[in-house]
1. Rounded to the nearest 500, what is the 222 nm mean residue ellipticity of the chain from helices alone, with -39500 (n - 2.57) per DSSP H run of 4+ residues and division by all residues?
2. If you take the charge dipole of the chain about its Cα centre, with +1 on Lys and Arg Cβ and -1 on Asp and Glu Cβ, which of SER29, PHE9, GLY109 is farthest toward its positive end?
3. How much length is gained if the chain between PHE12 and SER57 is pulled fully straight, taking 0.36 nm per residue apart and subtracting their Cα-Cα distance, in nm to one decimal?
4. Taking the Cβ of ALA158 as the center, what net charge do the other residues with Cβ under 13 Å away carry, scoring Lys and Arg +1 and Asp and Glu -1?
5. Sorted by packing (mean other beta-carbon atoms within 10 Å per residue), highest first, where do 174-187, 17-30 land?
6. Evaluate the distance, in nm, between pseudo-label points positioned 7 Å from the Cα of LYS117 and of ASP153 along their respective Cα→Cβ axes.
7. At a 10 angstrom cut-off on C-beta neighbours, averaged per residue, how do the peptides 111-119, 155-163 rank from highest to lowest?
8. Taking a ≥ b ≥ c as the square roots of the Cα gyration tensor eigenvalues, with a/c under 1.5 meaning rounded and otherwise prolate when a/b beats b/c, else oblate, which class fits the stretch 2-51?
Amino acid sequence: MFLRFQQAFSVFPVVSLADIRLHFPGFDSRNLVNWQKKGYLIRLRNGFYRFSDHQVSEYHLYQVANRMYNPSYISLETALSYHGVIPEGVVDVQSVGTRKTARFRNKLGRFSYRTIKPSLYFGYCLLQQDEQAAVRMAYLEKAILDFLYLRADVDDYAAFEALRWNPTELERIDRDKLQAYAGLFRSATLFRKLKWL
């Protein structure tokens, strides 16, 4: 049974219970417990699994983050690190989405999700690596806006300066896109923060 399961889902970065039931009607979920015990599968959260032998890369972690709590896209410090604005690595894989704020810890690491209004769920592109599943990643401009909008603790210029963002990478900002996106937030506080850039 496991060989058939593996053949059906080998290209999936994450396999959900819904995927399994679609491919194998009447599937006995006790198989999942047994396969975890044997080391074939890793449970990521309730109803979500990955194969133990899949290689773990940064891109794969992004795929897992997208799939594990949907709809969401990579943003905040993780996206800022991807775009080179934050020089050091980020511990959590951080995303934003329209569901309630959540945090998951599993064998791959920590995954956190912040809530935004459905009207602010935009500003991301699809990254494609080889033949693998695409990843939803915030554009640089949207990652900055999400960060400033959601981080109430960054409330003055001194707090912003303490972030030590890479000024060279900030020069790549598309100012027109930044202003257009910012207008959709309808937040005077956000516009005040944008002056620090």
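1. One gets -10500 deg cm²/dmol as the mean residue ellipticity at 222 nm.
2. In the chain, that residue is SER29.
3. Working it through step by step, the gained length comes to 14.8 nm.
4. -2
5. In decreasing order of mean packing, 174-187, 17-30 become 174-187, 17-30.
6. Taking the two extended label points, one gets 2.5 nm.
7. Working: 111-119: 16.6, 155-163: 12.0.
Put in order of decreasing packing, that is 111-119, 155-163.
8. rounded
Computed from the coordinates by the stated procedures, all read-outs in this text should not be read as laboratory data. If you're wondering where the values come from, they're calculated on a predicted model, not measured in any experiment. Neighbour counts run over all protein chains shown; Cβ positions are idealised from the backbone, glycine included.
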